[in-house]
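Note sheet for the following structure.
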Amino acid sequence: METRGSSFFSSLVLLLFICVSFLAVASVSQLQAATSYSPLLQVLIRKGIITEQEAAEIEAEAAQIQQEQKEQMAREIRKEAVPRPLRGLKFRMLSYLDYSAGEEGEPGGGQKSWNRFTIKRAYFRVDKDITPWLHAHMTFDAHQDDSGDWKNRLKYLYALFRLPDLGPVTDIKSEAGLGHIPWLDFEEHVNPYRCQGTMAIERAHVFNSADMGVSVMGNLGGRLDDAEHLIGSHHYDGRWGSWHLGVYNGGGYHADEHNGNKVVEGRLTIRPLPDMIPGLQFSYFGLYGEGNNQAEDALRNSDGYPDYRVHLGMMSYQSPRLILTAQYFTSRGNKDGSWYDDDGDALDTEGYSFFVNFRPPLAGFSGDWDRRLNLFARFDHFDADRDEEMADDADYDLYIVGSALEIFRGNYILAAYEHYDYGEDYNGKRRPKEDNDLGDEHKFQLVYQLKF
């Protein structure tokens with residue numbers, strides 16, 4: 001009995017000891033919590049003016065206000081540390097680091113081999129929002145001229161005005177200065193491989209991508225919801241399409257204006273089934289004006305400047321896995337005014353192009369890595385004298401196949417093979433010449449597109 005009593009007594013003592021210890025710990029915790037408040041809050045709690053819960057809420061709110069004050073002070077310090085003209089500037093860079101080897105045709109059927117590293121282009125871009133409705137943009141274009149010297153020139157320099165919506169015509173902007181012409185920036189956001197080479201109509205020497213003038217552009221029906229997920233791009237994401245109209249000098253961004261004529265250009269793109277097939281678009285581009293240089297022959301048209309007209313239609317499809325384009329274009333003359341017959345009248349040209357890009361699923365990869373490998377192919381045909389006014393065989397066929405791996409946000413490693421099959425009378429930027437015989441041209445190309 002004594003053993004049982006002793007055991008019971010020992011258990012009771014142990015239980016009392018545990019209870020006392022628990023109460024002591026709780027009291028200490030409460031004391032620490034109470035004393036963790038500021039002295040003012042402790043006085044208010046002791047006098048019963050506020051409860052401990054209210055004190056905790058006040059303390060949390062005060063801490064948040066203090067943190068916001070610190071952040072605001074840091075912003076003011078950073079603002080004062082940067083000179084006012086430099087505040088809000090954004091800098092970007094895009095360049096094409098190229099290795100190519102192949103053979104190019106020379107008049108008379110000869111071929112010249114070459115093997116070189118070069119920088120195809122280096123663009124340095126500066127942007128600044130001056131006001132919510134006014135934006136400034138400037139792009140420097142570094143390139144290597146025919147002598148091998150590196151030169152800098154302006155590619156873009158324009159003021160961009162953001163204008164209010166007009167019913168279904170939304171996201172309206174206007175560029176004034178050295179800005180985009182309506183077509184090539186659009187096509188280059190469908191076919192992403194400008195680093196490989198120029199698009200079909202620019203490669204045919206009809207026009208280039210920028211010019212001095214004024215233009216206005218926008219979307220139709222607002223923006224396509226979740227465009228990045230549906231079509232793989234947020235560029236030109238108008239729900240029902242987009243448009244761009246402009247008036248320009250006409251000679252392009254690296255040519256002087258040699259006449260008083262202005263060129264009117266416009267693009268209209270329709271997305272007919274935004275809910276069913278959001279990536280499907282139909283585009284038309286038109287241009288009307290005169291070439292930038294006079295015909296050099298004794299026989300010439302009334303004012304010496306050949307006509308300059310362009311009509312282009314393109315069907316395109318974009319999705320995260322697949323891009324398809326098919327386009328057809330005709331022109332009368334070109335921007336330089338260098339394609340004309342013996343009477344000084346502009347020659348009629350014709351061309352078409354097909355492009356496909358496929359991102360195959362990669363086993364074992366997930367997320368965006370599953371869509372970073374690209375396989376692409378392109379075919380161009382161009383005839384610089386469709387009606388055979390000067391020559392019978394002034395055309396070429398261009399074949400391109402390649403692959404590209406996106407390693408990080410627009411940074412690509414691209415490998416491609418390119419082959420030209422020239423007609424006997426094709427003469428590049430100059431008007432056709434009988435029996436010019438450039439032969440064939442081909443190259444292997446490895447490009448790193450560096451972008452940040």
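Helix 2-35: angle to the longest alpha-carbon principal axis of the chain, degrees 0 to 90, nearest 10?
Roughly 50 degrees between the two axes.
Roughly how many whole Å is it from the C-alpha centroid of the stretch 185-257 to that of the stretch 114-134?
16
So what is the relative contact order for the chain, in percent, with contacts set as C-alpha pairs under 8 Å and at least six apart?
Reported as a whole number, the value is 11 percent.
Starting from the 7 Å offset along Cα-to-Cβ, what nm value, one decimal, do you get for the label separation of Glu106 and Lys451?
So the two model labels end up 3.8 nm from each other.
So which lysines pass the test for Lys70, namely a Cα distance under 28 Å, with those fewer than 8 places away in the same chain ruled out?
Answer for Lys70, where 28 Å is the Cα cut-off: Lys79, Lys90, Lys128, listed by chain and number.
Arrange the peptides 252-261, 124-133, 316-325 so that the one whose residues have, on average, the most other Cβ atoms within 10 Å appears first.
Sorting 252-261, 124-133, 316-325 by mean packing, highest first, produces 316-325, 252-261, 124-133.
Which of Ala159, Gly250, Gly213 sits farthest toward the positive end of the charge dipole of the stretch 84-451, with +1 on the Cβ of Lys and Arg and -1 on the Cβ of Asp and Glu?
With unit charges placed on the Cβ atoms, the residue in question is Ala159.
Between Lys151 and Leu134, with labels modelled 7 Å along Cα→Cβ, what's the label distance in nm to one decimal, could you check?
Inter-label distance under the simple model: 3.3 nm.
To the nearest 0.05, what FRET efficiency results for Arg223 and Asp435 with a Förster distance of 41 Å applied to their C-beta separation?
0.15
Could you check the simple spin-label distance between His419 and Asp256, using points 7 Å along Cα→Cβ, in nm with one decimal?
Rounded to a tenth, the inter-label distance reads 4.4 nm.
For the pair Ala326 and Arg372, what calculated FRET efficiency results from E = 1/(1 + (r/R0)^6), where r is the Cβ-Cβ distance and R0 = 30 Å, to the nearest 0.05?
So the FRET efficiency works out to roughly 0.70.
If you average the alpha carbon positions of the stretch 265-344 and of the stretch 436-452, how far apart do those two centres end up, in angstrom?
First find each Cα centre; the distance between them is then 24 Å.
What FRET efficiency, computed as 1/(1 + (r/R0)^6) with R0 = 41 Å and r the Cβ-Cβ distance, is obtained for Glu71 and Phe124, rounded to the nearest 0.05?
The calculated FRET efficiency here is 0.80.
What is the gain in length, in nm to one decimal, between Leu89 and Lys173 on full extension, counting 0.36 nm per residue of separation less the C-alpha to C-alpha distance?
Value of the extension gain: 28.3 nm.
Checking the cross-link filter: which lysines have an alpha carbon closer than 23 Å to that of Lys429, excluding same-chain neighbours under 8 positions apart?
Lys112, Lys120, Lys151, Lys155, Lys262, Lys335, Lys443
I need the semi-axes of the equivalent ellipsoid of the chain: take the C-alpha gyration tensor, multiply each eigenvalue by 5, square-root it, list largest first in whole angstrom.
67, 28, 21
Throughout, read-outs are computed from the coordinates displayed, never taken from laboratory work. Quick caveat, the model's predicted, so the values are computed rather than measured. With ideal geometry, Cβ positions are generated from the backbone for all residues, glycine too; neighbour counts draw on all protein chains shown.
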